[in-house]
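This report concerns only the one structure given below.
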Amino acid sequence: MDWDWTKIKTEYVTTDKSSYRKLSEKYNIPLGTIYKRAKKENWVELKKQSYDKKVAKTVASVENNQVKKLERILSITDKLLDKIEKAVDELDMQLCKSVRKVKEIEYNNYDRPDKPTKEVINELEEVIEVHSIIDRKGVQELASAIKSLKEVQMLKTELDEQEQKARIDKLRKDAMADEQSETSVTVIFNDELNEYSN
């Protein structure tokens, strides 16, 4: 019988929950036939490679998203640090506001000379910087902001540690799988061995 082995193999390799038994039932192929073909073409290894590629793509995608997020955080912290530096330079400066009002009144009413005909109020506002003692509350607020910035920048280190731990765990898992596959030993006794045992 002709079966589409490429399709069956692809389904086994790329589908997580596929098995020889399920394929046998689905395509009405004897289980032994599928097993022999899979062993000949090394389907189990191909499935493992396919899975590893999926995991690698997922990890790369997550890492890429984390890198973008960290870049944004670091960009914001850089801007915030610039603002803090500017605020430090301005700690001993106070803004003083000076307001001057000038009121002009016209009396041009001949019938009622005591009543103004026009009233204009000019207001002149001036803001000037004056050096004074350092604002202690401002110093405390800036110190708190710097501490918060440091904590935000430490996020990178924590994420790096998590990533490193995940990689180590994957390496351990792969090593254990390799150890399990290498522990099988085949011993073949020949007739010559029987001669030595007598």
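The values are calculated or read from the model by the stated rules, or taken from the named source; none is laboratory data. Bear in mind the structure is a predicted one, so any value in this text is a computation, not a measurement. Every residue, glycine as well, gets a Cβ built from its backbone with ideal geometry; the counts of neighbours run over all protein chains shown.
Can you find even one residue in segment 106-122 that is touching a Lys or Arg at 6+ places or on another chain (Cβ under 7 Å) and of a type in the set (Val, Ile, Thr)?
Looking through segment 106-122, at least one residue is touching a Lys or Arg at 6+ places or on another chain (Cβ under 7 Å) and of a type in the set (Val, Ile, Thr).
Between residues in segment 1-20 that are free of Cβ contacts under 8 Å to residues at least 60 places away in the same chain and residues that are among the acidic types (Asp, Glu), which pairs lie under 6 Å by C-beta distance while being six or more apart or on different chains?
Between residues of segment 1-20 that are free of Cβ contacts under 8 Å to residues at least 60 places away in the same chain and residues that are among the acidic types (Asp, Glu), the close pairs are 18/11.
When you go through 45, 25, 41 one by one, which is the residue that is among the acidic types (Asp, Glu) and touching a helix residue (DSSP H, G or I) at 6+ places or on another chain (Cβ under 8 Å)? Before the answer, list the steps.
On the way: 45 fails: touching a helix residue (DSSP H, G or I) at 6+ places or on another chain (Cβ under 8 Å); 25 fails: touching a helix residue (DSSP H, G or I) at 6+ places or on another chain (Cβ under 8 Å).
41 is the lone residue from the list that is among the acidic types (Asp, Glu) and touching a helix residue (DSSP H, G or I) at 6+ places or on another chain (Cβ under 8 Å).
Of all helices (runs of 4 or more DSSP H) completely enclosed by segment 1-109, which ones contain at least 3 residues that are aliphatic (A, V, I, L, M)?
On the way: elements: 5-14, 20-27, 31-41, 43-89.
Where helices (runs of 4 or more DSSP H) fall fully within segment 1-109 and carry at least 3 residues being aliphatic (A, V, I, L, M), they are 31-41, 43-89.
Among what's in segment 1-28 and is of a type in the set (Asp, Glu) and more than 15 Å from residue 47 (Cβ to Cβ), pick the residue that is surrounded by the fewest Cβ atoms within 10 Å (Cβ to Cβ).
Of segment 1-28, the ones of a type in the set (Asp, Glu) are 2, 4, 11, 16, 25.
From the residues that got through so far, the ones that are more than 15 Å from residue 47 (Cβ to Cβ) too are 2, 4, 25.
Numbers: 2: 4, 4: 10, 25: 11.
Checking each candidate, the answer is 2.
So if I check each of 109, 64, which one is more than 40 Å from the chain's Cα centre (by Cα), farther than 30 Å from residue 128 by Cα and at pLDDT below 90? Working first, answer last.
Working: 64 fails: more than 40 Å from the chain's Cα centre (by Cα).
None of the others qualify; the one that does is 109.
Report, ordered by the first and then the second residue, all pairs with beta carbons closer than 6 Å, sequence separation of six or more or different chains, a first member in segment 145-161 that is surrounded by fewer than 14 Cβ atoms within 10 Å (Cβ to Cβ), and a second member that is modelled with pLDDT of 70 or more and not in a helix (DSSP H, G or I).
Cβ pairs passing all conditions: none.
Given (1) among the aliphatic types (A, V, I, L, M); (2) surrounded by 11 or more Cβ atoms within 10 Å (Cβ to Cβ); (3) out of contact with any Phe, Trp or Tyr (no Cβ under 6 Å at 6 or more places or on another chain), where does residue 130 come up short, assuming only one miss?
The failed condition is (2).
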